[in-house]
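None of the figures in this text is laboratory data; all of them are computed from the coordinates on show. What you see is a predicted model; the values in this text were computed from it and never measured. Reconstructed Cβ throughout: ideal geometry from the backbone, glycine too, with neighbour counts over all protein chains shown.
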């Protein structure tokens, strides 16, 4: 299988796949862009099993670069764009990545850190990349064994240095099964995770599950705060919100919980740490539905 092709197989061509700020992409447009991104990676010499680090805020281009890597038969590695230099240096040294997809704003930092890395990865700047994928024809996804690597997720480093957790192609299957069978989500839903896509929580439950279901996935470049989550919800009208206990508490304390309910959120999911019973009880009272 190919995990990227698997995730993009079901969405109706004309349905919205991704939204981020003023930008949006249909499933037809996303499939074409990812197939072209796969071609662009291959044209740069990327080979099966090699790693591409994606180091940038969440955005539509992030998804195209990430899924295009997997489409090409390589391994996508989403990184926290706010990693401390010590942790980032570890990742740059031990990942053995072939490329780093990044923004122009990260170029100077990465060049400085890569000066100390033997056989450093090549930088691919997002604006240059956008033009590069327009110049190539789309290619078919590279089919691999279902236990071949598709992506790495780095741990946060709270118990030591960050560690890469390797995920096989088949690892994306469970995300949609959980969203559909346990939470009750489907193609008509609009899914938003307040956590960023370098977290397995958001990557699996928002991006992977949402795309496989043919739903709309809402992204945000900005770091989440209680007010920012409320703004995104009111602007993009998600029907399902994935967040964490600390942020649910902050949204209660700042009084934005009723705004989310008024904007049409019908499912709230909490993970990352235990959700206190008091927070769940107060959220139900404020929003009508408990996480």
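Worth a mention:
- Where a label projected 7 Å from the Cα of residue 119 along Cα→Cβ would reach, residues of the stretch 45-76 with amide N under 19 Å: 45-53, 74-76
- Spacing of the two label points (7 Å from each Cα toward its C-beta) at residue 178 and residue 128, in nm: 3.7
- Those residues of the stretch 83-100 whose amide nitrogen sits under 18 Å from the label point placed on residue 163, 7 Å along Cα→Cβ: 87-88, 90-96
- Within the listed set 218, 70, 183, the Gaussian network model of the chain (springs between alpha-carbon atoms below 10 Å) gives the highest mean-square fluctuation for 183.
- Between the stretch 261-291 and the stretch 146-198, the alpha-carbon center distance in angstrom: 22
- Angle in degrees between helix 85-94 and the longest Cα principal axis of the chain, rounded to the nearest 10: 50
- The C-alpha atoms of the chain define a longest principal axis, and helix 226-236 lies at about 80 degrees to it.
- Computed extension gain for residue 9 through residue 228, at 0.36 nm per residue and net of the alpha carbon distance, reaches 75.7 nm.
- Rounded to 10°, Cα long-axis angle of helix 27-43 versus longest principal axis of the chain: 30
- Helical contribution to [θ] at 222 nm, DSSP H n ≥ 4, -39,500 (n - 2.57), averaged over the chain, rounded to 500: -10500 deg cm²/dmol
- GNM result for the chain, Cα springs below 10 Å: residue of 31, 280, 190 fluctuating most strongly: 280
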